[in-house]
Amino acid sequence: MSTIVPFGPQHPVLPEPIQLCLELEDERVVSVIPVVGYVHRGLEKIAEKKDFIQDTYLIERICGICSFMHSMSYCMGIEELMSIPVPPRALYLRVIWAELHRIHSHLLALGLLADAFGFENLFMQYWKSRERIMDAMECTTGGRVMLSSCCIGGVRRDIDENQKKFVLDQLKEVEKEVTSLNRTMMEDYSVKQRTVGIGVLSKEAAYAQGAVGPTARGSGLVMDHRMSGYAAYRELAIEPVVETAGDCYARTMVRCREVMQSIDLIRRAFAQLPDSELKTPFKGNPSGEAVIRCEQPRGEVLYYFRGNGTDKLERLRVRTPTFANIPAMLTMVQNCQLPDVGVIIISVDPCVSCTER
Amino acid sequence: MTKATAKAPWVVHVNCNSCNGCDIEFLACLTPMYDAERFGVLHIGTPKHADIMVVTGSVNNRNARVLRNLYEQMPSPKVVVAMGVCPATGGIFADGYNVIGGAEKVVPVDVFVPGCPPRPEAMLDGILEGAKILAGKRQNSVTVKPVRRIKIVRPAAPAADPAAAAAAPAPVKEEAK
Ligand code: SF4
């Protein structure tokens, strides 16, 4: 006989409201039914009501954690529709902000994971390092979460020498702190007890269920859309971080190593930063269709645009990474023990407000 | 007892329809850089232990019931702090087809913290302001207005002229229990 236990929408381990109805046999989870809609805002519909320049700031608010990358993908799409060339310096600045966002998102996820298995101290430490990245973003753009520095045709702000020095100093500190924190995450006995061998997703299952981002890379799939070289990633040569075990530990490892990779990327981007205009002026309205893919901290996002020559888009569709990861997440939760559900879910790093928009 | 509660308010965080921007800033308040605990603010997971409810995000047809339910579970006296412009007016999502509007449509809000998202300092200020209101509620032993049952209806289609729009009923109909 099985029991159905609702998990959420208000649950201490979940920062966001999503409900999972867990069908239990004693403590073992037999099946999971997700119940969504608590964060649905009808954002795609609102985007059709506002004009395409206002949409840049609306799209940023799909998700506060990867806000810059959302506005970047949106701008890339409109630029493709209207064939606007982006100046090289703007491309590099976009990479710098995007990678800052990736670091902050990964540190946030690692912290929440630590909180999910009850390691409060580690959570606080990760978030303390994360504040340095927030400071770096605030120093360069003026906003901590909503940077609003990406605009169609380029970027709105430049990074000058003083700001560059500040960002690099902060990165140095973050590197030092996170290296020692990662050691705890990777080697601590009690942490390993909670993550190794829990929530295993095989490579085949990850491929078949269309997992993306660290979830896919933790299962051994070499999939990082940055390799395709959008923005300035072409000149920066990305080596994707891949682990093969497919459990919570492997996914966490991917994030730990990607933080270091992003720090390295920002340094290289600063070293190669070319001099040019910041933005290309443009005229007219978008028309036609475009599809844009972009690698976000949680995986690959897909944007579809259709413009009809007016100042309002006819259709904007966003397929966010967490949406792609939900089938994989349900597979992982099956047959695990009830106390592990929180850890498994947080190890996928779901972002519900992206998923439901 | 009175003093103790006002000096150590326990906070429950309810994410309604937020974009996460406010949530991560609220969580940042609890971490060492801003450290809400130095004011005795403790973040807890269950509404039954909480004195202050922090709401982020606007309210939609689906989560209005959840918000109301969580509010009713909190012991009285209680204070609601709305973080960001979303729970104040609906914010950037106010045009959404299923968005009812701000949190005030569903629960009585005591403190509004403006910003999109507000800075963590502003959030802390809002919580402390809420704690003061909480102390007042206790000392004057003001009981909270009897809780009313709400019925959620879809927002009326926008009226053509502004005068009619002003006269149109609010999107949330309230009925006495
Ligand atoms: S106020 Fe702004 S940052 Fe906060 S939830 Fe609303 S849109 Fe997001």
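Observations on the model:
- Some residue of the range B:14-28 being without any contact (Cβ under 8 Å) to a residue 40 or more places away in the chain and either more than 18 Å from the chain's Cα centre (by Cα) or more than 8 Å from every other protein chain (Cβ to nearest Cβ) (or both): no
- Some residue of the range A:114-124 being in contact (Cβ under 8 Å) with a residue 12 or more places away in the chain, over 16 Å from B:Met33 (Cα atoms) and not in a helix (DSSP H, G or I): yes
Yes/no matrix, rows are residues, columns are (1) away from chain B (no Cβ under 12 Å); (2) more than 30 Å from B:His43 (Cβ to Cβ):
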site	(1), (2)
A:Asp26	yes, yes
A:Ile33	yes, no
A:Glu80	yes, yes
A:Pro87	yes, yes
A:Ala109	no, no
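- Selection of strands (runs of 3 or more DSSP E) fully inside the range B:74-116 by the criterion of at least 1 residues being within 13 Å of the ligand (Cβ to nearest atom) and more than 14 Å from every other protein chain (Cβ to nearest Cβ) returns B:79-83, B:111-113.
- Annotation note: of A:Val178, A:Val155, the sole residue that is within 25 Å of B:Ala28 (Cα to Cα) and among the β-branched types (Val, Ile, Thr) is A:Val178.
- Selection within the range A:63-73: residues that are more than 10 Å from every other protein chain (Cβ to nearest Cβ) and polar (S, T, N, Q). The member of this set that is farthest from the ligand (Cβ to nearest atom) is A:Ser73.
- Of the set (1) within 14 Å of chain B (Cβ to nearest Cβ); (2) without any contact (Cβ under 8 Å) to a residue 60 or more places away in the chain; (3) not small (Gly, Ala, Ser), all apply to A:Glu60 but (2).
- In the range B:31-47, the qualifying residues are those that are within 11 Å of chain A (Cβ to nearest Cβ) and either charged (D, E, K, R) or within 18 Å of the chain's Cα centre (by Cα) (or both), and the one that is nearest to the ligand (Cβ to nearest atom) is B:His43.
- Every residue from the range A:130-150 that is part of a helix (DSSP H, G or I), under 18 Å from the mean Cα position of the chain (by Cα) and either surrounded by fewer than 21 Cβ atoms within 10 Å (Cβ to Cβ) or within 11 Å of chain B (Cβ to nearest Cβ) (or both): A:Arg130, A:Glu131, A:Met134
- Some residue of the range A:259-271 being modelled with pLDDT under 85 and of a type in the set (D, E, K, R): no
- Candidates A:Ile4, A:Ile53: the one that is more than 13 Å from chain B (Cβ to nearest Cβ) and assigned to a strand (DSSP E or B) is A:Ile4.
- A residue that is part of a loop (DSSP other than H, G, I, E, B) and either modelled with pLDDT of 80 or more or closer than 22 Å to A:Asn325 by Cα (or both) occurs somewhere in the range A:17-32.
- Qualifying residue in the range A:76-83 (condition: surrounded by fewer than 21 Cβ atoms within 10 Å (Cβ to Cβ), among the acidic types (Asp, Glu) and either in a helix (DSSP H, G or I) or modelled with pLDDT under 85 (or both)): yes
- Members of the range A:92-150 that are within 16 Å of the ligand (Cβ to nearest atom) and not hydroxyl-bearing (Ser, Thr, Tyr): A:His101, A:His104, A:Leu108, A:Met134, A:Met137, A:Glu138, A:Gly142, A:Gly143, A:Arg144, A:Val145, A:Met146, A:Leu147
- All positions within the range B:75-96 that are under 19 Å from A:Ala47 (Cα atoms) and either buried (at least 22 other Cβ atoms within 10 Å of the Cβ) or of a type outside the set (S, T, N, Q) (or both): B:Val85, B:Cys86, B:Gly90, B:Gly91, B:Ile92, B:Phe93, B:Ala94, B:Asp95, B:Gly96
The values are calculated or read from the model by the stated rules, or taken from the named source; none is laboratory data. Fair warning: this is a prediction, and the values are worked out from it, not measured in the lab. With ideal geometry, Cβ positions are generated from the backbone for all residues, glycine too; neighbour counts draw on all protein chains shown.
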